[in-house]
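Contents: one structure, followed by commentary.
We did not get these values from a lab; they are worked out from the coordinates using the rules stated. Computed from a predicted model, the values in this text were never measured in an experiment. Cβ placement follows ideal geometry from the backbone for every residue including glycine, while neighbour counts extend to all protein chains displayed.
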Amino acid sequence: MSRVRVLVVDDEPAILGTLKKALSLEGYGVEVAGGVGIALERAAKETFDAALLDVQLPDGNGLELLQKLRAESPDL
């Protein structure tokens, strides 16, 4: 059984680090991104099961990012 993969997107490094550590300790595979552009790059290379998104990001917003991610991966 493969690990559940989670993409965490936030522009605050402390939040990214905390969530990555907490989710990793629970057994999730975690990738982090500091903005929309990086998140889309990561999503183009990997498949994720879930995403935790900040609403306001420096290069866009989490709701628009969610729509783009779901368009590419409807099961997200």
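Observations on the model:
- Relative contact order of the chain: 34 percent, from C-alpha pairs under 8 Å at least 6 residues apart in sequence.
- Amide H contacts under 5 Å for Asp59: Val36, restricted to partners 5 or more places along the chain or on a different chain, H placed in the peptide plane at 1.01 Å from N.
- Each eigenvalue of the Cα gyration tensor of the range 36-76, multiplied by 5 and square-rooted, gives one semi-axis; in descending order these are 16, 11, 8 Å.
- For the range 51-67, backbone phi angles converted through the Karplus equation (6.51, -1.76, 1.60; θ = phi - 60°) give residue-by-residue couplings of 9, 10, 10, 6, 6, 9, 10, x, 10, x, 10, x, 5, 5, 4, 4, 4 Hz, Gly and Pro being listed as x.
- Mean residue ellipticity (222 nm) of the chain, computed from DSSP H runs ≥ 4 via -39,500 (n - 2.57), nearest 500: -13500 deg cm²/dmol
- In the chain the longest region clear of GluC sites (Glu not before Pro) that are loop-assigned by DSSP and have at most 15 other C-beta atoms within 10 Å covers 47-76.
- Where only alpha carbons of the chain are counted, the Rg and the Dmax (Å): 11.6, 36
- Database remark: amide H of Val30 closer than 5 angstrom to the amide H of Val6 (H placed geometrically; neighbours at sequence offset of 5 or more, or on other chains; Pro and chain starts carry no H).
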